[in-house]
Amino acid sequence: MSLGVRLGFLALLVTSCSGAGFAGRSTSQGKIQSSNSEAEARAFDGGTGVLDSTPDGQVILPDPAAVAQLKEQCQKAAASLQSVSRVINYPERKDCSFGVAPNIERQQGVHTAREISPATLALPEGLICDVEIKSEENESLHYDDFLILTLAGQMIFASNRGIVSHFEPQQSIYTWNFDKLVGQDIGNFGDRPYCLGPAENCRLPGHDQEGPVSLNLASRDIAPITLALAGKDKVDMDLIATGDDNDEDCFHSKLDLSVTFKFITQ
């Protein structure tokens, strides 16, 4: 796979060439529509910005040698990388659709439900290296029970580290699949978060707490995803809220994320 082909993500918003924010799709009163599968959830906006996979659902990541080459190229160009920022707007969402597949009925202390706040971003031409994701200044995120951010279906962060224990990583990348999580015991509601990349580069509020969000992803962390996106024209970036048994679950407050990425122009 040539590194000269189109690579990257998180750049031009689908609905605007001027850089205006894209709002996650919602129904009335800030509630996100539920669906019977992750694929149907993506059908809200016709998003196709996920990674290629095998017939049995195994995500196809690039060869490690190609990933290493990308990391090296980004490192050599570090002093001359271009930088641009965009804003993604996720509206507040409330309530779990308990018992509506793939969700199951309420059960205390068990992962029973998930709801998706979807967003889609167009891909630019260029070689994306480093990405910074952070909440807007003075914004405080609140959620219940847990929150997951995915890029092209890959987990960028999960507010509870126990979540990723149910997934098998490829090149340190976890693919989101609710079928592997539903029905599993939560264990520790207060477990620390999981973030792609070093823990010191990640800041998230704890379970049922409030606070800012920030995440710095260097090419060494995210290169398998950027390289796998070569040739695609857009990418899905979804915010997923989970719950176990309460009416307040599957909730997250409004979240405006500023995405700043550094890239090599082609």
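The values are calculated or read from the model by the stated rules, or taken from the named source; none is laboratory data. Since we're looking at a predicted model, the values are computed, not measured. Every residue, glycine among them, receives a Cβ derived from its backbone with ideal geometry; neighbour counts consider all protein chains shown.
Some notes on this structure:
- Meets criteria (in contact with a strand residue (DSSP E or B) (Cβ under 8 Å, 6 or more places away or on another chain), over 18 Å from residue 122 (Cβ atoms) and among the hydroxyl-bearing types (Ser, Thr, Tyr)) for residue 242: yes
- Residue, modelled with the lowest pLDDT, within segment 84-119, restricted to residues that are under 18 Å from the mean Cα position of the chain (by Cα), assigned to a loop (DSSP other than H, G, I, E, B) and not acidic (Asp, Glu): 119
- Residue in segment 167-218 that is modelled with the highest pLDDT, counting only those that are on the phi < 0 side of the Ramachandran plot and in contact with an Asp or Glu (Cβ under 6 Å, 6 or more places away or on another chain): 196
- Cβ-Cβ contacts under 6 Å between residues 6 or more apart (or on different chains), taken from a first residue in segment 223-235 that is in a helix (DSSP H, G or I) to a second residue that is β-branched (Val, Ile, Thr) and surrounded by fewer than 24 Cβ atoms within 10 Å (Cβ to Cβ), are listed as 223/67; 224/67; 224/173; 227/67.
- Segment 175-211, residues that are under 17 Å from the mean Cα position of the chain (by Cα), closer than 20 Å to residue 257 by Cβ and assigned to a loop (DSSP other than H, G, I, E, B): 176, 193, 196, 197, 198, 204, 205
- For segment 137-165, the candidate set comprises residues that are outside any loop (DSSP other than H, G, I, E, B) and among the hydroxyl-bearing types (Ser, Thr, Tyr); within that set, the residue that is farthest from residue 244 (Cα to Cα) is 150.
- In segment 186-222, residue surrounded by the fewest Cβ atoms within 10 Å (Cβ to Cβ) [restricted to those that are polar (S, T, N, Q) and in contact (Cβ under 8 Å) with a residue 24 or more places away in the chain]: 188
- The residues in segment 62-77 that are among the basic types (Lys, Arg) and out of contact with any Lys or Arg (no Cβ under 8 Å at 6 or more places or on another chain) can be counted, and the count is 1.
- Annotation: of all residues in segment 66-106 being among the basic types (Lys, Arg) and out of contact with any helix residue (DSSP H, G or I) (no Cβ under 9 Å at 6 or more places or on another chain), the one that is surrounded by the most Cβ atoms within 10 Å (Cβ to Cβ) is 86.
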